[in-house]
Amino acid sequence: MLELLSAPPVDPLWDLSAEFAADPRPERLDLVLGVYRDHTGATPVMAAVKEAEIRLADRAVSKEYRGLSGNTAFNRAMLSMVLGTDARTARATAVQTVAGTGALRLLADLVRQTRPGTTVWISDPAYVNHRPILEGAGLTVRTYGYGGGDDVMLEDLRAARRGDVVLLQGCCHNPTGADPAAETWEALAGLAEANGWVPFVDLAYHGLGDGLDADLWATRMLADRLPEVLIAVSCSKNFGLYSDRTGCAIVLGPSRQTLRHVETALQNAARVLYSMPPDHGAAVVATVLEDAGLRATWRAELDAMRGRIAANRADLVAHLEALGCPDVAASLRRQKGMFSMLPLTPEQMRRMRGQSGVYGTNAGRINIAGVCAHRIPFLAQAVAATLDSPATPPGGTAGLPATAGPRTAW
Ligand SMILES: Cc1ncc(COP(=O)(O)O)c(C=O)c1O
């Protein structure tokens, strides 16, 4: 049977990470995946998380099933953290999911169950997994222009109709690092009100842009103005729980009766995929958020991470300016969060990999949170050298190790 399987596409980001791992050059720099690294290059367990794990281990008595919605203390804590007020949480329900990806998928399933064939609008460029998740759930995907000015986005979204769903990244847009201005968010809420589409907010980097409450402002504003909002929340980055796969699907709806149906539909969607989510990460987050001391420790750690990312970006901008790359520097200065988008072509990104061992995606995305401060001058020089060097001749690889198959601009 299995010989019938033709070669499936490989995940481009993980494929590139494998290529990085096989690169023998000691000076190489991995800026592909969205993972925070501290000044030593490590991705540490946050102190608040570690302490919560110790407390949980001490009081663990049972690993019995938690129930179809997962850890209910976690769900309450996430509702309160994301929505901020009782007035909003009273209009919402939450189900624990297998990280942000699980939340995106369960909410996509909810949309399909409610209205098969629904059109979901995603940004172009988008997080690499948005389209596959939505199409995998049987939805139709359309795109709106992004990153080339808010006007383009607003203009494209004028075509979104009643019953459509519009996927918006709540902050620190992946891959561009560019967020809409506050007045653009207000205009988006106005469009949704006028034309009857439903916002679907993806929150994966809250706390790493302008601060936790500032990063959640747009989501809360949409919740205040619209009767229905879908929200996918990831705890991977801001709690550092990448491998514990912790997240939450939140839905604001018009009545308690509707929200009960929503919760059951989300539970049913999870039941056939994995039955129930793993408890550990959710128990950790609930322990942190329910304890004033641990919560304060976590907020301070999150602020320090945000500060380090902003300092890295400012330093890179300064070095690029000093090296005579003012245009690249100016585009980076406007961005925020873990990612920056270099205005380099896929060919230039390949060339930078080959010449300097700096690994970003072909679309130009680099993980600014993945660089140690002392490597910023090296990174800036790699960018400048790429801009200075001649284009690779057709078929040439500019020193890049041979790879399987062509690469596209993701
Ligand atoms: C925009 C966005 N949404 C969702 C996710 C999913 O995160 P996870 O499933 O690891 O929680 C990511 C991960 O990189 C992301 O960048």
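For segment 242-257, the candidate set comprises residues that are within 8 Å of the ligand (Cβ to nearest atom) and not charged (D, E, K, R); within that set, the residue that is farthest from Ala94 (Cα to Cα) is Tyr242. Taking every residue in segment 108-119 that is within 16 Å of Gly253 (Cα to Cα) and in the same structural domain as Arg260 (by TED's automatic domain parsing) and pairing it with any residue that is assigned to a loop (DSSP other than H, G, I, E, B) and β-branched (Val, Ile, Thr), at least 6 positions away or on another chain, the pairs with Cβ-Cβ distances below 9 Å are Val111/Thr118. The condition (being of a type outside the set (Lys, Arg) and away from the ligand (no atom under 12 Å from the Cβ)) is satisfied by just one residue among Thr97, Thr118: Thr118.
Being in contact with a strand residue (DSSP E or B) (Cβ under 8 Å, 6 or more places away or on another chain) and away from the ligand (no atom under 16 Å from the Cβ) holds for only one residue in Ser69, Ser80, Ser62, and it is Ser69. Count of segment 187-237 residues, restricted to those that are part of a strand (DSSP E or B) and aromatic (Phe, Trp, Tyr), is 1. Restricting attention to segment 208-240 and to residues that are under 18 Å from Thr97 (Cβ atoms) and away from the ligand (no atom under 12 Å from the Cβ), the residue that is surrounded by the fewest Cβ atoms within 10 Å (Cβ to Cβ) turns out to be Leu230.
Arg59 meets each of the listed conditions (1) buried (at least 21 other Cβ atoms within 10 Å of the Cβ); (2) not assigned by TED's automatic domain parsing to the domain that holds Met276 apart from (1). What pairs come up if the first residue lies in segment 175-199 and is at pLDDT 95 or above, the second is loosely packed, with under 14 Cβ neighbours inside 10 Å and of a type in the set (Lys, Arg), and their beta carbons are under 6 Å apart, counting only those six or more places apart or on different chains? So the pair list comes out as Gly196/Arg162.
Counting the residues of segment 24-56 that are in the same structural domain as Met352 (by TED's automatic domain parsing), more than 27 Å from the chain's Cα centre (by Cα) and not basic (Lys, Arg) gives 3. Listed here are the helices (runs of 4 or more DSSP H) enclosed by segment 317-410 that have at least 2 residues being within 24 Å of Arg131 (Cα to Cα) and either modelled with pLDDT of 85 or more or not β-branched (Val, Ile, Thr) (or both): 346-356.
Among what's in segment 160-190 and is acidic (Asp, Glu) and over 19 Å from the mean Cα position of the chain (by Cα), pick the residue that is farthest from Arg112 (Cα to Cα). Applying the filter and picking the extreme gives Glu183. Checking segment 301-324 against the condition returns a match, with at least one residue being outside the structural domain of Gly209 (by TED's automatic domain parsing) and over 19 Å from Ala373 (Cα atoms). Return yes when Ala286 is touching a Phe, Trp or Tyr at 6+ places or on another chain (Cβ under 8 Å) and in the same structural domain as Gly211 (by TED's automatic domain parsing) and no when it is not. Criteria met by Ala286.
For the residues Arg105, Arg131, Arg88, the requirement of being more than 16 Å from the ligand (Cβ to nearest atom) and either in the same structural domain as Ala269 (by TED's automatic domain parsing) or over 25 Å from Leu289 (Cα atoms) (or both) singles out Arg88.
Listed by first and then second residue, the pairs linking a residue in segment 272-286 that is at positive phi to a residue that is among the basic types (Lys, Arg), with Cβ atoms under 7 Å apart and 6 or more places separating them unless they lie on different chains, form an empty list.
Within segment 138-186, being among the charged types (D, E, K, R) and either assigned to a loop (DSSP other than H, G, I, E, B) or more than 26 Å from Gly211 (Cα to Cα) (or both) holds for Arg142, Glu155, Asp156, Arg158, Arg161, Arg162, Asp164, Asp179. Glu193 passes every criterion in (1) within 19 Å of the chain's Cα centre (by Cα); (2) more than 16 Å from the ligand (Cβ to nearest atom); (3) within 27 Å of Thr114 (Cβ to Cβ) apart from (1).
Of all the residues in segment 238-265, those that are over 18 Å from Ala87 (Cα atoms) and assigned to a strand (DSSP E or B) number 4.
Yes or no, residue by residue, for (1) of a type in the set (Ser, Thr, Tyr); (2) touching a His at 6+ places or on another chain (Cβ under 9 Å):
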{"residue": "Gly337", "(1), (2)": "no, yes"}
{"residue": "Leu342", "(1), (2)": "no, no"}
{"residue": "Gln348", "(1), (2)": "no, no"}
{"residue": "Ser356", "(1), (2)": "yes, no"}
{"residue": "Asn367", "(1), (2)": "no, no"}
{"residue": "Gly370", "(1), (2)": "no, no"}
{"residue": "Ile376", "(1), (2)": "no, yes"}
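The values are calculated or read from the model by the stated rules, or taken from the named source; none is laboratory data. What you see is a predicted model, and the numbers here were worked out from it, not measured in a lab. Positions of Cβ are generated from backbone atoms using ideal geometry, with glycine treated the same way; all protein chains shown enter the neighbour counts.
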